[in-house]
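Okay, structure first, notes after.
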Amino acid sequence: MPVRGRALGLALAAPLIFLAFWHLSTAGRSFSLIPPPLEVGRQLWDLAFGGVWDDLYSATLPEHALASVGRVYGGFLLAAALALPLGMLIGRVALVRSLLDPTLQLLRPIPVTAWLPLAMIVFGIGPRSAFFLVFLGAFYPILVNTIFGVRSVDGRLFEAAAMLGVSPSAVFWKVVLPAALPSIFTGLRLGLGFAWVVIVVGEMTGVQTGLGAIIMEARQLSRTEIVISGMVVIGLLGFLSDALVQALGRRLLRWSPQHG
Amino acid sequence: MADGMITSAALNILDITGVTKRFSFNGEPIVALEGANLTVRKGEFVCLIGPSGCGKSTLLRMIAGFETPSEGRLSMWGAPVSVPGPDRGMVFQDYGLFPWLSVARNVGFGPAARGRPRAEVEATTKRFVDMVGLTRFADAYPHQLSGGMKQRVAIARVLANEAEVVLMDEPFGALDAMTRENLQRELLEIWERTRLTVLFVTHAIEEAILLADRIVVMSPGPGRIVADERVSLPRPRDPTDPEFNALRRRFSALLGSHH
Ligand SMILES: Nc1ncnc2c1ncn2[C@@H]1O[C@H](COP(=O)(O)OP(=O)(O)O)[C@@H](O)[C@H]1O
Ligand SMILES: [Mg+2]
């Protein structure tokens with residue numbers, strides 16, 4: 001399709017120009033802090049499949065990527081499993097709201113990264129701290145958007161449901177949940193994005209595996225190509241993960257003018 | 001009636017006796033409606049007219065069960081009205097459609113929510129989607145429809161739910177003139193076929209004369225019923241007809257004299 005081809009061409013223009021600029025300003029220099037893109041490409045290949053350097057890092061990418069993906073989705077799913085029901089309760093039940101909302105609002109301004117030292121004290125240095133940070137990072141966006149979603153249902157829809165014979169006990173499933181879905185979905189998407197941000201910080205604290213771990217380790221060894229390769233992979237995985245969620249949203253929220 | 005005798009009271013689907021509704025607004029009491037009396041017979045098409053703030057919506061919302069009267073009694077077939085129910089369908093000016101459901105699912109929402117068998121829900125849905133002329137749009141979502149189409153869905157939705165009384169609160173007020181005329185005509189056709197009881201709120205005198213068997217005139221401050229007159233012009237009615245014009249003058253005067 002010519003239109004899609006054009007969009008793709010435009011979308012690729014900026015990265016290509018950037019690559020060219022990167023190449024021209026680094027290739028062939030005897031001394032450069034940043035390795036040229038081709039070298040990073042070669043390193044990335046070796047990280048993924050081996051066969052170039054055959055060193056300690058060759059073909060280790062799948063293991064590290066899998067570790068990070070596991071923590072991201074594990075922490076994210078745990079956050080969703082807690083934040084969704086909690087958000088619905090806070091949004092719908094005044095007593096629960098009065099009980100929990102002030103505390104949660106008070107805890108919310110503490111940046112996730114500020115929890116890191118405490119997490120390391122409690123969970124020790126290792127993957128459990130990273131997992132906890134991911135959980136925390138994903139938790140608040142999901143919670144806040146779920147509360148917002150179930151609280152901002154158009155009152156008219158409750159009247160419409162009531163006059164059509166929906167029993168009060170069925171209102172939640174028939175009206176509140178579907179009406180709140182776009183907000184809930186926004187929360188899940190933000191939460192997952194945040195999980196990818198936080199995982200790297202979490203893995204920089206003495207974890208053995210994970211993308212955050214190798215880029216930190218490679219920095220100490222001055223293997224800048226590996227650092228950049230790791231960044232590229234994190235970017236790609238985050239992008240794919242978001243694209244997946246968005247595709248799901250387009251299917252589920254076809255009815256919504258903002259998503260469909 | 002045990003002996004099979006039909007009294008005139010037995011034909012009254014709605015009985016409204018001495019109904020007053022007070023709201024408090026910033027601590028000040030507001031009398032939205034005072035001492036309203038109204039009986040509606042089954043199959044009647046009643047229009048409520050009056051300037052804004054005279055309690056038309058309040059009255060309709062009490063019949064629907066969304067509000068409870070401060071004083072007086074409201075009953076349907078002799079039983080007090082307390083909560084909303086499928087026997088009284090409401091058509092809102094702002095439609096109130098479920099945006100996540102297709103046209104067909106919106107129309108079938110009531111029967112499905114009340115646990116009707118699937119085949120029945122589908123047959124009912126199809127019948128009423130066809131009745132309001134939206135067959136081609138059965139799978140569309142509300143945000144893809146024009147205002148007139150949305151209001152057709154809202155009407156089909158209460159018809160499909162077997163509402164006995166259809167409460168319409170300025171349903172065509174937000175539509176352009178052409179769409180409004182079409183919907184008025186279609187509503188009359190549906191009403192003539194189904195013989196539903198309709199309570200239709202409007203502030204347009206012409207719309208009321210075009211549609212109603214009976215016009216109830218209200219005035220504000222506090223909201224009251226000030227006149228209740230039959231319209232016996234044969235249908236279809238022609239707004240350019242001299243008799244139509246005479247009625248228009250008559251109801252203008254009734255409205256004007258109470259300002
Ligand atoms: N929920 C409410 N709270 C306070 N005042 C209200 C409420 N609903 C209606 N009113 C007041 O009652 C009066 C009648 O309103 P309404 O029935 O909406 O009139 P209409 O539909 O004829 O324009 C108005 O003065 C309005 O401000
Ligand atoms: Mg009104």
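The values are calculated or read from the model by the stated rules, or taken from the named source; none is laboratory data. Given the structure is predicted, the values throughout are model-derived calculations rather than measurements. Note that each Cβ is placed from the backbone with ideal geometry, even for glycine, and that neighbours are counted across all protein chains shown.
Looking at the range B:59-86, which of the residues that are near ligand 2 (Cβ under 10 Å from one of its atoms) and within 14 Å of another protein chain (Cβ to nearest Cβ) is surrounded by the fewest Cβ atoms within 10 Å (Cβ to Cβ)?
Going through the qualifying residues, I end up with B:Arg61.
With the checklist (1) among the hydrophobic types (A, V, I, L, M, F, W, C); (2) within 16 Å of ligand 2 (Cβ to nearest atom); (3) surrounded by 21 or more Cβ atoms within 10 Å (Cβ to Cβ) in hand, flag the one item B:Phe98 doesn't pass.
(2)
Looking at the range A:151-163 only, could you name the residues that are more than 11 Å from chain B (Cβ to nearest Cβ) and either in contact with a strand residue (DSSP E or B) (Cβ under 9 Å, 6 or more places away or on another chain) or surrounded by 23 or more Cβ atoms within 10 Å (Cβ to Cβ) (or both)?
Matches in the range A:151-163: none.
Which of the residues belonging to the range A:178-207 are over 17 Å from A:Leu136 (Cβ atoms) and free of Cβ contacts under 8 Å to residues at least 24 places away in the same chain?
The answer is A:Pro178, and nothing else.
At positive phi and within 12 Å of another protein chain (Cβ to nearest Cβ): does that describe B:Glu162?
Yes, satisfied.
Is it true that some residue in the range B:217-225 is at pLDDT 95 or above, within 14 Å of chain A (Cβ to nearest Cβ) and buried (at least 20 other Cβ atoms within 10 Å of the Cβ)?
No - not one qualifying residue is present in the range B:217-225.
List every residue pair whose Cβ atoms lie under 8 Å apart, where the two residues are 6 or more positions apart in sequence or sit on different chains, the first residue falls within the range B:192-206 and is within 14 Å of chain A (Cβ to nearest Cβ) and closer than 15 Å to B:Arg88 by Cα, and the second residue, located anywhere, is within 16 Å of ligand 1 (Cβ to nearest atom) and assigned to a helix (DSSP H, G or I).
Pairs that qualify, where the first residue is within 14 Å of chain A (Cβ to nearest Cβ) and closer than 15 Å to B:Arg88 by Cα and the partner is within 16 Å of ligand 1 (Cβ to nearest atom) and assigned to a helix (DSSP H, G or I), are B:Leu199/B:Leu60; B:Leu199/B:Ile63.
Take the conditions away from ligand 1 (no atom under 16 Å from the Cβ) and aliphatic (A, V, I, L, M) and apply them to B:Leu187. Does it pass?
Against the criterion (away from ligand 1 (no atom under 16 Å from the Cβ) and aliphatic (A, V, I, L, M)), B:Leu187 qualifies.
Residue-wise test of (1) of a type in the set (Gly, Ala, Ser); (2) out of contact with any Leu (no Cβ under 7 Å at 6 or more places or on another chain).
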site: B:Gly173; (1), (2): yes, yes
site: B:Glu181; (1), (2): no, yes
site: B:Arg185; (1), (2): no, yes
site: B:Val198; (1), (2): no, yes
site: B:His203; (1), (2): no, yes
site: B:Val217; (1), (2): no, no
site: B:Glu229; (1), (2): no, yes
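Go over the candidates B:Arg152, B:Arg214, B:Arg193, B:Arg235 one by one and state the one that is more than 30 Å from B:Gly18 (Cβ to Cβ), of a type in the set (D, E, K, R) and at pLDDT 95 or above.
B:Arg152
Name the residue, out of B:Arg214, B:Arg235, B:Arg250, that is basic (Lys, Arg) and either touching a residue at least 60 places away in the same chain (Cβ under 8 Å) or within 16 Å of ligand 2 (Cβ to nearest atom) (or both).
After ruling out the rest, the residue left standing is B:Arg214.
So B:Gln144 passes all but one of these: (1) of a type in the set (S, T, N, Q); (2) without any contact (Cβ under 8 Å) to a residue 24 or more places away in the chain; (3) more than 14 Å from every other protein chain (Cβ to nearest Cβ). Which condition number does it fail?
Here B:Gln144 meets the rest and fails (3).
Please determine, by comparing only the residues of the range B:87-103 that are facing chain A (nearest Cβ under 8 Å) and under 13 Å from the mean Cα position of the chain (by Cα), which one is nearest to B:Asp169 (Cα to Cα).
The qualifying residue nearest to B:Asp169 (Cα to Cα) is B:Phe92.
Of all residues in the range A:171-218, count the ones that are more than 14 Å from chain B (Cβ to nearest Cβ), within 30 Å of A:Pro257 (Cα to Cα) and not small (Gly, Ala, Ser).
Final tally of qualifying residues: 8.
In the range B:157-164, is there at least one residue being within 16 Å of ligand 2 (Cβ to nearest atom) and modelled with pLDDT of 95 or more?
No, the conditions are met nowhere in the range B:157-164.
Evaluate the range B:172-190: report whether one residue or more is within 16 Å of ligand 2 (Cβ to nearest atom), surrounded by 20 or more Cβ atoms within 10 Å (Cβ to Cβ) and either at pLDDT 95 or above or under 21 Å from B:Gly43 (Cβ atoms) (or both).
yes
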